[in-house]
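Chemist: Structure incoming, see below.
Read the figures in this text as sums done on the coordinates, not as results from a lab. Computed from a predicted model, the values in this text were never measured in an experiment. Using ideal geometry, Cβ is built from the backbone for each residue, glycine included, and neighbour counts are taken over all protein chains shown.
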Amino acid sequence: MLRELQQAFDAVEARPETRAVVLTGSGTRAFCAGADLRDEASHTPEAGRAFREAGRRVVDRIESFPKPVVAAVRGWCIGGGTGLAWACDIRIAAESATFRAGDVYLGMIPTWSLGMVRLVHYVGRNRALDILLLGEDLRGERAFEFGLVSRVIPEAAFDAEVARVAERLSSGAPLAMQAIKEGVRAQSREGLAPAAALEERWSQRILGSQDAHEGMAAFREKRTPTFLGR
């Protein structure tokens, strides 16, 4: 599945008509139930390392992907599933969504550079420790309070809200979307000065872009802009 996700992200990145990506589970029971612990118990050290590295590559791909990525979470989101969902730019949870990062109660730790690397930047030190050390199930509203999800939607309205959010993201300027994602990522990974330098580089590029001229012209003319990503 991790290999297929990488291939899918490669395909949609190369497709200019795709402006936003929705990542969701198959059916309504779970977004992702995590790794099969029977398989994990039989891993050789080499296979275990390959699995961890594959997970880290997908998490990094989601976070650094140039187009906005939406997690649409129904049902269970466990273990590695939280790594996939929480790395997404916008995280929409159905009322049925339940998150669990309880590795410590299996004698394990999260190993995809999400829980022990990124989570503190997402939600802060205290909440990260609450999530990882207590390992308790977090229903949608509790996850929203922690800042893990962007919004919680009743089941009957879930598909329509996901579609609405994806459509809105798709209507934004692609270069500006990419710039904002890179700038926010740089703040946590590189610090204030490199992030500020990145902002200036993007500013010079975007202010002279066709999309910036189109956006301002559309505002003056009271019409919907047509962005081309250049």
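Chemist: Within the stretch 120-152, restricting attention to residues that are over 18 Å from residue 68 (Cβ atoms) and of a type in the set (Val, Ile, Thr), which residue is surrounded by the most Cβ atoms within 10 Å (Cβ to Cβ)?
Modeler: 131
Chemist: If I ask for residues that are in contact (Cβ under 8 Å) with a residue 60 or more places away in the chain, closer than 26 Å to residue 198 by Cα and not hydroxyl-bearing (Ser, Thr, Tyr), which ones from the stretch 122-177 would you list?
Modeler: Hits for the stretch 122-177 are 169, 172, 174, 177.
Chemist: Here is a check on your reading of the model: is residue 128 of a type in the set (Gly, Ala, Ser) and under 23 Å from residue 4 (Cα atoms)?
Modeler: Working: of a type in the set (Gly, Ala, Ser): yes; under 23 Å from residue 4 (Cα atoms): no.
Here the answer is no, as residue 128 does not meet what is asked.
Chemist: Out of the residues in the stretch 199-230 meeting the condition of being touching a Lys or Arg at 6+ places or on another chain (Cβ under 9 Å) and within 17 Å of residue 179 (Cβ to Cβ), tell me which one is surrounded by the fewest Cβ atoms within 10 Å (Cβ to Cβ). Please lay out each step first, then the result.
Modeler: First pass over the stretch 199-230, keeping only residues touching a Lys or Arg at 6+ places or on another chain (Cβ under 9 Å): 209-211, 217, 227, 229.
Retained after the next criterion (residues that are within 17 Å of residue 179 (Cβ to Cβ)): 209-211, 227, 229.
Details: 209: 19, 210: 13, 211: 19, 227: 22, 229: 16.
It comes out as 210.
Chemist: Also, quick follow-up: Can you report the number of residues in the stretch 104-162 which are among the hydroxyl-bearing types (Ser, Thr, Tyr) and over 22 Å from residue 52 (Cα atoms)?
Modeler: Initial filter on the stretch 104-162 (among the hydroxyl-bearing types (Ser, Thr, Tyr)): 105, 111, 113, 122, 150.
Now drop any that are not over 22 Å from residue 52 (Cα atoms), which leaves 150.
Residues in the stretch 104-162 being among the hydroxyl-bearing types (Ser, Thr, Tyr) and over 22 Å from residue 52 (Cα atoms): 1 in total.
Chemist: Every residue in the stretch 88-99 that is over 20 Å from residue 132 (Cα atoms) and assigned to a loop (DSSP other than H, G, I, E, B), please.
Modeler: Residues satisfying the conditions are 89, 95, 96.
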